[in-house]
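The values are calculated or read from the model by the stated rules, or taken from the named source; none is laboratory data. This is a predicted model, so every value here is computed, not measured. Backbone-built Cβ (ideal geometry, glycine too); neighbour counts: all protein chains shown.
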């Protein structure tokens, strides 16, 4: 039975990936920090089918021990301080976990089990204020947040380990991907939760920052399928994963309120405190290489994604 080792297994992407791997007959080993023990709700459907081991991306020794013990075929580094707004308040911690944490994963694999194939989670935030209308694997990086900078470091280090040490390391440059398992601090889930709360009469108003920024939003479960496909390829290569369409926060909110038969304009207010020091106006990915080489295409549309997220929150009241 092949084995996959996942950091960030308690997160949105980690939980979808673990489910998909188990369905394929893989053994899944997930790295869990002690402070993450209360975040296992995303794994409730597979908690008895997954092996959880203690470890931390801040501690190289724990990483080496975990990888040496499970001898994985695949390693997926999905752990990070992944909230862009927090990276402005905690830039050093973001660098320590998101950038140097990836370095510790690569080094642990090199030392303990160098035949493993490694996936590094990149981000569209690395492109930042790109001058191109759509971004692909050849688009220059121009990050506009500490989080984006940390991801660029991890990305280049992934390439360096591949080319310098001959390891199978790939980086997926994933554009925004959401689901009902998204953290509540992210704007898409924040909107979905607020819609349900307003519909139930427990909340009156949703505060939002810049609602005119545009992002390429897809479904997280589609994107974790792309991760697996990247590690199945004969030759390691980095890929952009995206839908090729961009939507504004306003678009998302309008559709979300409509799912509950509400009008966005009746229940939202602008909050200047939610604006970022440097924002990215628009991102839109070109995933034609992933489609051509890996046969990957998204299956969930933007409207289906919004409906899925809002319906999941509304269902909690009827449960």
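The table that follows gives values for the structure above.
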quantity: Residues of the range 1-23 classified as part of a loop (DSSP other than H, G, I, E, B) and in contact with a helix residue (DSSP H, G or I) (Cβ under 8 Å, 6 or more places away or on another chain), total; calculated: 4
quantity: Test: residue 121 is modelled with pLDDT of 95 or more, on the phi < 0 side of the Ramachandran plot and in the same structural domain as residue 253 (by TED's automatic domain parsing); calculated: no
quantity: Those helices (runs of 4 or more DSSP H) lying entirely in the range 199-302 with at least 1 residues in contact (Cβ under 8 Å) with a residue 24 or more places away in the chain, surrounded by 21 or more Cβ atoms within 10 Å (Cβ to Cβ) and assigned by TED's automatic domain parsing to the domain that holds residue 75; calculated: 220-232
quantity: Verdict on residue 302 being closer than 30 Å to residue 238 by Cα and modelled with pLDDT of 95 or more; calculated: yes
quantity: Hey, residue 104 within 16 Å of residue 76 (Cβ to Cβ), in contact with a strand residue (DSSP E or B) (Cβ under 6 Å, 6 or more places away or on another chain) and not assigned by TED's automatic domain parsing to the domain that holds residue 312 or not; calculated: no
quantity: Meets criteria (without any contact (Cβ under 8 Å) to a residue 12 or more places away in the chain and not in a loop (DSSP other than H, G, I, E, B)) for residue 164; calculated: yes
quantity: Members of the range 279-292 that are touching a helix residue (DSSP H, G or I) at 6+ places or on another chain (Cβ under 9 Å) and closer than 17 Å to residue 187 by Cα; calculated: 280, 283
quantity: Every residue from the range 1-44 that is surrounded by fewer than 17 Cβ atoms within 10 Å (Cβ to Cβ), in contact with a strand residue (DSSP E or B) (Cβ under 9 Å, 6 or more places away or on another chain) and in contact (Cβ under 8 Å) with a residue 24 or more places away in the chain; calculated: 1, 2, 22, 39, 40
quantity: Only one of 67, 47 that is modelled with pLDDT of 95 or more, touching a helix residue (DSSP H, G or I) at 6+ places or on another chain (Cβ under 9 Å) and either more than 22 Å from residue 99 (Cβ to Cβ) or buried (at least 17 other Cβ atoms within 10 Å of the Cβ) (or both); calculated: 67
quantity: Unmet requirement for residue 124, which otherwise passes all of (1) touching a helix residue (DSSP H, G or I) at 6+ places or on another chain (Cβ under 7 Å); (2) crowded, with 24+ Cβ neighbours inside 10 Å; (3) within 21 Å of residue 236 (Cβ to Cβ); calculated: (1)
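Here is a yes/no grid of residues against (1) under 26 Å from residue 243 (Cα atoms); (2) crowded, with 20+ Cβ neighbours inside 10 Å; (3) at pLDDT below 95; (4) touching a strand residue (DSSP E or B) at 6+ places or on another chain (Cβ under 6 Å):
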{"position": "135", "(1), (2), (3), (4)": "yes, yes, no, yes"}
{"position": "156", "(1), (2), (3), (4)": "yes, no, no, no"}
{"position": "161", "(1), (2), (3), (4)": "no, yes, no, yes"}
{"position": "169", "(1), (2), (3), (4)": "yes, yes, no, yes"}
